[in-house]
Amino acid sequence: MNFTNDIDELKEISRRMRIDILKMLHKSGSGHPGGSLSCVDFLVALYFSKLDHSPARGKRDKRDKFVLSKGHAAPALYSVLAEAGYFDKDELWTLRQLKSSLSGHPHALSTPGVEITTGSLGQGLSQANGIALADRLNGHDSNVYCVIGDGENQEGQIWEAAMTAAHYKLGGMIVFLDNNDLQIDGHLRDVMSIYPIKEKWEAFGWHLEEIDGHDFGQIFEAIENAKKEKEKPSLIWGHTVKGKGVSFMEGLAKWHGVVPSDEELKTALKELAPAGK
Amino acid sequence: MAEQLALREYYGKTIVELGETNKDIVVLDADLSGSTKTSMFAKKFPDRFFNMGVAEQNLIGTASGLAAGGKIPFASTFSIFASGRAWEQVRQAVCYPRQNVKIVATHGGITVGPDGPSHQATEDVSLMRSIPNMNVVVPADAYETAAAVRRAAEYNGPVFIRLARGKFPVIYDESKTYSFGKADFLKKGSGLSIIACGLMVSIAMEAAEILENDGESVSVINMSSIKPLDKEAVLTAARETGAIVTAEEHSIIGGLGSAVAETVCEDEPVPVVRVGVRDMFCSSGSAEELLECYHLDSKSIVEAGRKALSLKRPTG
Ligand SMILES: Cc1ncc(C[n+]2csc(CCOP(=O)(O)OP(=O)(O)O)c2C)c(N)n1
Ligand SMILES: [Mg+2]
């Protein structure tokens, strides 16, 4: 696997990951496209550029770690892990099937490269904190990255964990808030507002970076700024589009947990075909 | 009367001992460190102690992350909160991924006393026992507590140890060792078996004495390992005595009594009469008052014993 800082290369990887995500979901017949497509750019920026990792390194080795707290975006994580060489790409087409190594939501005991078992929203950030505390005790100044959903941000445990990361000065903690502004029942402002985001997280003692969550240049800059924070944990508040990359899915709550039909897949893949083809 | 020692005191002492030699041991609490006795560890090893504040879900989640990072976390709070408030965290973040987390929950059962039902965990064993990969221990005295805590630290996987607030009569001594899934026959008889855990083990011994004075022959089994249950011991008791009483400081639903009845029903049907809290919220009061009021005393075990004996099928 090659790391790159070239934005065009990363965009190209993201394009291919989006195709894998849609194909996986189409094959499995169930799962979550909207939230997978909204966070995959951040995962690509990590796994192919910013995350200090490799499939060869063991659990206890010094390395950066990643926790997908919004576990329903598992297809995004699986596509990236396969691409990064954690397991064979053919596995992707077994998603959600009986005895597959790719469970409906990430499970550390089933899938190589999955650090933390998630799926029940609100729990991943506490575990990311625990990993960061263990890193500190082990003398590893690594980074722990975590992705949370904006709907997930309504969970009380997220705020318990937010308090904890600031209290224990976990400066290596870098959290991406996937602010696609949608949850299952609709827009956050209609279901349960989490706004204002900046004021809340800053009041909890976090450093905050506000970006376009699909812009690799901005993602890089935000990560670099976050890394400079030695005591404050950082929240990268990413404005994203649910269903990003597939025109008929973008910005619609109904694509949260519905997979494309044969026809819809065809249309989507056409949209995602490389330019000029 | 036997010497009385507080289980949580021995928990505190034991994690300090373990912490001296094993630097991977870390301890977490949720603003109850003085009560759970994790404060002893906090004082000795402040860098390896993490107070999570009043946030039990986060307590269990953070412990899980520390385990993922190679540490051996002991997480403590009152049993009602560890097993209740954080149940789903225990399921998702500890048991499902089989993280090496030890939950040592104090103030289980009704002997919490005057704090009342809000603090009396009478469903904790049931809640923990139903989760795959979990080991559930309800020690009978302070020495068994220390032994179970030492064993939990060696074992790789989730463990829930349920302690109580008060002091328990001493049954064992410092040489006590603990194995998961291993019951202890404290007394062997031929007519009736009393299978107990926690404080009820000492009370079962008193009940056995009363029954023996009446000419009965009684086994008393300390089933501190609720999960894995020592099925062999249960079946031996069923075969050899043909009647069983269970006794626990817990609801009769889902705890030791249920576990024993499940085993007996499937493999060696004999009468099982359960002594425990009878599906109700109790009251405030002193531990002694509560045990008597809610029929968790030797008299109630004796009555249950007589009932079990009367239900026994005639042999031959
Ligand atoms: C604790 C918990 N409650 C409910 C659910 C069901 N659920 C799955 S996704 C979701 C909405 C999440 O919204 P958000 O975090 O915004 O996800 P995204 O928009 O990124 O897909 C819900 C309620 C869950 N997985 N976990
Ligand atoms: Mg959302």
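Odds and ends about this structure:
- Within region A:225-249, being of a type outside the set (Gly, Ala, Ser) and over 23 Å from residue A:168 (Cβ atoms) holds for A:239, A:240, A:241, A:242, A:244, A:246, A:248, A:249.
- Selection from region A:171-186 of residues that are within 16 Å of ligand 2 (Cβ to nearest atom) and under 20 Å from the mean Cα position of the chain (by Cα): A:175, A:176, A:177, A:178, A:179, A:180, A:181, A:182, A:183, A:184
- Complete set of residues in region B:100-141 that are farther than 25 Å from residue B:258 by Cα and buried (at least 24 other Cβ atoms within 10 Å of the Cβ): B:101
- Of all the numbered requirements in (1) over 24 Å from residue B:59 (Cβ atoms); (2) not in a helix (DSSP H, G or I), residue A:198 misses one, and that requirement is (2).
- One residue from A:51, A:43, A:81 being under 20 Å from residue A:104 (Cα atoms), more than 14 Å from ligand 2 (Cβ to nearest atom) and touching a strand residue (DSSP E or B) at 6+ places or on another chain (Cβ under 9 Å): A:43
- Sub-6 Å Cβ pairs linking a first residue in region A:178-192 that is part of a loop (DSSP other than H, G, I, E, B) to a second residue that is small (Gly, Ala, Ser) and within 8 Å of ligand 1 (Cβ to nearest atom), at least 6 apart or interchain, are A:180/A:38, ordered by first then second residue.
- Qualifying residue in region A:231-238 (condition: within 25 Å of residue A:4 (Cα to Cα) and not hydrophobic (A, V, I, L, M, F, W, C)): yes
- Qualifying residue in region B:218-229 (condition: charged (D, E, K, R), surrounded by fewer than 18 Cβ atoms within 10 Å (Cβ to Cβ) and assigned by TED's automatic domain parsing to the domain that holds residue B:256): no
- Odd one out for residue A:224, checked against (1) more than 14 Å from every other protein chain (Cβ to nearest Cβ); (2) more than 16 Å from ligand 1 (Cβ to nearest atom); (3) crowded, with 21+ Cβ neighbours inside 10 Å; (4) not aromatic (Phe, Trp, Tyr): (3)
This table checks each residue for (1) within 16 Å of ligand 2 (Cβ to nearest atom); (2) part of a loop (DSSP other than H, G, I, E, B).
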{"site": "A:127", "(1), (2)": "no, no"}
{"site": "A:133", "(1), (2)": "no, no"}
{"site": "A:146", "(1), (2)": "yes, no"}
{"site": "A:157", "(1), (2)": "no, no"}
{"site": "A:169", "(1), (2)": "no, yes"}
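- Looking only at region A:159-193, residues that are more than 11 Å from ligand 1 (Cβ to nearest atom), charged (D, E, K, R) and away from every other protein chain (no Cβ under 14 Å) come to 2 in all.
- Qualifying residue in region A:29-36 (condition: more than 14 Å from chain B (Cβ to nearest Cβ), surrounded by fewer than 20 Cβ atoms within 10 Å (Cβ to Cβ) and within 16 Å of ligand 1 (Cβ to nearest atom)): yes
- Here the strands (runs of 3 or more DSSP E) wholly within region B:198-316 that include at least 3 residues being aliphatic (A, V, I, L, M) are B:218-222, B:244-251, B:272-277.
- Residue in region A:40-61 that is farthest from ligand 1 (Cβ to nearest atom), counting only those that are closer than 17 Å to residue A:174 by Cα and not in a helix (DSSP H, G or I): A:52
- Pairs, first closer than 14 Å to residue B:103 by Cα in region B:13-27, second of a type in the set (Phe, Trp, Tyr) and part of a helix (DSSP H, G or I), C-beta under 8 Å, six or more apart: B:15/B:41; B:27/B:41
- Residues of region A:128-158 satisfying the condition of being away from ligand 1 (no atom under 14 Å from the Cβ) and among the small types (Gly, Ala, Ser): A:128, A:130, A:132, A:134, A:139, A:142
Okay, residues lined up against (1) touching a Lys or Arg at 6+ places or on another chain (Cβ under 9 Å); (2) more than 10 Å from chain B (Cβ to nearest Cβ):
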{"site": "A:79", "(1), (2)": "yes, yes"}
{"site": "A:90", "(1), (2)": "no, yes"}
{"site": "A:111", "(1), (2)": "no, yes"}
{"site": "A:118", "(1), (2)": "yes, no"}
{"site": "A:124", "(1), (2)": "yes, no"}
{"site": "A:134", "(1), (2)": "yes, no"}
{"site": "A:137", "(1), (2)": "yes, no"}
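- Residues in region B:87-116 that are closer than 23 Å to residue B:41 by Cα and outside any helix (DSSP H, G or I): B:99, B:100, B:101, B:102, B:103, B:104, B:105, B:106, B:107, B:108.
- Within region A:67-81, at least one residue is assigned to a loop (DSSP other than H, G, I, E, B) and buried (at least 24 other Cβ atoms within 10 Å of the Cβ).
- Looking only at region A:90-111, residues that are under 19 Å from the mean Cα position of the chain (by Cα), among the small types (Gly, Ala, Ser) and more than 14 Å from residue A:67 (Cα to Cα) come to 3 in all.
The values are calculated or read from the model by the stated rules, or taken from the named source; none is laboratory data. Just so you know, these numbers come straight off a predicted model, no measurement behind them. FYI the Cβ positions are ideal-geometry reconstructions off the backbone, even for glycines, and counts take in every protein chain you see.
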